[in-house]
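Only one structure is covered here, and it is reproduced in the block below.
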Amino acid sequence: NAGVTQTPKFRVLKTGQSMTLLCAQDMNHEYMYWYRQDPGMGLRLIHYSVGEGTTAKGEVPDGYNVSRLKKQNFLLGLESAAPSQTSVYFCASSYAGANVLTFGAGSRLTVL
Amino acid sequence: KQEVTQIPAALSVPEGENLVLNCSFTDSAIYNLQWFRQDPGKGLTSLLLIQSSQREQTSGRLNASLDKSSGRSTLYIAASQPGDSATYLCAVGPDSWGKLQFGAGTQVVVTP
């Protein structure tokens, strides 16, 4: 009963490098989300998806891209990492029309 | 734009005391409000969800109230235990999707 799994859990990048965070859920949820959490701030929504093949921008989408090619996976990409993207990233999922979210354990990203 | 505030940012109480955590929001047009618990290095766990038409929700030692007109919610934890030590976040949902607006959280330490 895995729930929401994020990989990798930790990553260190240099400025300008690219990477992809993977989120996988096994609950057949329609909706998936990427949030970031910074010290002293609440979680902020980056992008979300309401179904396979669909994505939409959240509150802080700049510098990120996402894809949802399969219902169970939601990928978050950084094409050219910047120090301002140092954060803890959380993926979450939910059934359609029910914003009771199941969160992953988080991915800590450091950009030097 | 919705602003969600949690004060205090941290508090410490002796075991057995009741905990009172506050959450305020600026826009009363909400769909629901949730309280989450976050343990260090882990994801968020949903504790209670209050629909906008409800005044309170209870689960075991936890009770959450909602006053939409004044933009406030309070989470009460009765007879606190060291295992209640965690960060508690409130989040406001503007609609039935998971585009939640989070507060920065209150870090709670319960001392034996």
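Please treat every number below as a calculation from the coordinates, not as lab data. What you see is a predicted model, and the numbers here were worked out from it, not measured in a lab. Cβ sites come from the backbone with ideal geometry, for glycine too, and all protein chains shown count toward neighbours.
Per-structure values
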item	result
Rounded to whole Hz, the Karplus (6.51, -1.76, 1.60) HN-Hα couplings of the range B:51-66, x for glycine and proline	6, 4, 8, 9, 9, 7, 9, 10, 8, x, 7, 9, 9, 10, 10, 9
Paramagnetic reach from B:Ser52 in the range B:67-109 [backbone N under 20 Å; point 7 Å along Cα→Cβ]	B:67-74, B:90-103
A:Lys9 versus B:Val109: modelled label distance in nm, points set 7 Å from Cα along the beta carbon direction	2.5 nm
Cα centroid of the range A:11-34 to Cα centroid of the range A:62-112, whole Å	4 Å
Within the protein assembly as shown, percent of DSSP bridges classed antiparallel, to nearest 5	90 percent
Around B:Asn18: net Lys/Arg minus Asp/Glu count, Cβ-Cβ under 13 Å	-2
Amide proton proximity set for B:Arg61, modelled H, under 5 Å, gap of 5+	none
Nonlocal amide H pairs with B:Leu47, under 5 Å, H built at 1.01 Å	B:Trp35, B:Phe36, B:Arg37
Order of B:Leu62, A:Leu22, B:Leu100 under a 10 Å beta carbon neighbour criterion, fewest first	A:Leu22, B:Leu62, B:Leu100
Per-residue mean of C-beta atoms belonging to partner chains within 10 Å, peptide B:43-55	3
For the range B:88-95, Karplus couplings with θ = phi - 60° (6.51, -1.76, 1.60), whole Hz, Gly/Pro x	10, 10, 10, 9, 9, x, x, 7
Computed magnitude of the charge dipole of the protein assembly as shown (debye, nearest 20; Cβ of K, R +1, Cβ of D, E -1)	440 debye
Of all DSSP beta bridges in chain A, antiparallel share, percent nearest 5	90 percent
Nonlocal amide H pairs with B:Tyr31, under 5 Å, H built at 1.01 Å	B:Gly93, B:Asp95
Under 20 Å from the B:Ala10 label point (7 Å along Cα→beta-carbon), backbone N, the range A:23-48	A:37-43
Added length on full extension, which subtracts the Cα-Cα distance from 0.36 nm per residue, A:Ser67 to A:Asn28	12.3 nm
Fraction of beta bridges assigned by DSSP in the range B:13-112 that are antiparallel (%, nearest 5)	95 percent
Non-local Lys pairs in the protein assembly as shown, i.e. 8 or more apart or on different chains, that have alpha carbons under 22 Å apart	13
Highest-MSF residue in chain B out of B:Leu44, B:Leu33, B:Leu21 [GNM, Cα springs under 10 Å]	B:Leu44
Tail fraction, Cα-Cα pairs, chain A, threshold 16 Å, whole percent	55 percent
Label-reachable residues, the range B:74-97, where backbone N falls under 15 Å from a point 7 Å from B:Asn63's Cα toward its Cβ	B:74-80
Loop chymotrypsin sites (Phe, Trp or Tyr not before Pro), the range B:1-103, which have at most 16 other Cβ atoms in a 10 Å radius of their Cβ (DSSP)	B:Tyr31
Contour excess over end-to-end distance, with Cα ends at A:Arg108 and A:Tyr95 and 0.36 nm allotted per residue	2.1 nm
Charge-dipole axis of the protein assembly as shown as Lys and Arg at +1 and Asp and Glu at -1 on Cβ define it, positive-most pick from A:Ala2, B:Ser85, B:Gln101	A:Ala2
Alpha-carbon Debye profile of chain B, log10 I(q)/I(0) at 0.15, 0.17, 0.19, 0.23 Å⁻¹	-0.58, -0.75, -0.93, -1.31
GNM top mover of A:Thr15, A:Thr86, A:Thr55 - chain A, alpha-carbon springs below 10 Å	A:Thr15
Sparse-neighbour loop sites [trypsin sites (Lys or Arg not before Pro); the range A:35-76; at most 12 other C-beta within 10 Å; DSSP]	A:Lys70
